[in-house]
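Accompanying notes for the structure given below.
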Amino acid sequence: MKLLKITTCLVAGLSGAAVLAHSGATGIVKERMEGMMAMGNAVEAVTPMMRGEEAFDAERLREAARTFAAHSGEEITSRFPEGSTEAPSEAKDEIWEDWERFAALSDQLKTSAEGLEQAAGNGLSGAGGHMSGESMMGDAGSMMG
């Protein structure tokens, strides 16, 4: 379940800007915002379950993991071409200034999501029954705001 923590922290950081800036977006900026919004919605769908506030549902977790995987790795990095910072994008210049880090985090998200999908059937036993809000990724999501 540590995979969910990693995934949740990265997605939360990436999706925050998308939710706020989505209106008025067009083209590639809109596409990436929609992907991040989908990941944010997936996080919201599983957060109560991970906190023990709702019954664990392995299929719901698998569905969220598939959403994370579908919007990570090369799928997300391809949505950040050089110069795609026009408003309403809130993507930070750090993305392009440290592209290797951004690409590595995107790949890590994909790997974590794929592992999460496979591990969903294990339940919460490996997480002590619930997930905390503790960030294992530190400032991994800070490139997006």
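So which GluC sites (Glu not before Pro) in the stretch 61-118 end up in coil per DSSP with only 14 or fewer other C-beta atoms within 10 Å?
Passing sites in the stretch 61-118 are Glu82, Glu86.
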Along the stretch 78-93, Karplus-curve 3J(HN,Hα) (6.51, -1.76, 1.60; θ = phi - 60°) to the nearest Hz, with x for Gly and Pro, reads 5, 8, 10, x, 3, x, 8, 10, 5, 4, x, 4, 10, 4, 7, 4
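How much length is gained if the chain between Lys92 and Glu59 is pulled fully straight, taking 0.36 nm per residue apart and subtracting their Cα-Cα distance, in nm to one decimal? Intermediate results must be reported in sequence, preceding the final value.
Working: separation 33, 0.36 × 33 = 11.88 nm, distance 3.44 nm.
Here the segment from Lys92 to Glu59 would lengthen by 8.4 nm.
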Any idea what Rg and Dmax come out to for the stretch 27-119 if you just take the C-alpha atoms, in Å?
-> 14.5, 44
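Values quoted throughout were computed directly from the atomic coordinates according to the rules given, and no laboratory measurement underlies them. Being a predicted model, the structure only gives us computed values, none of them experimental. Neighbour counts run over all protein chains shown; Cβ positions are idealised from the backbone, glycine included.
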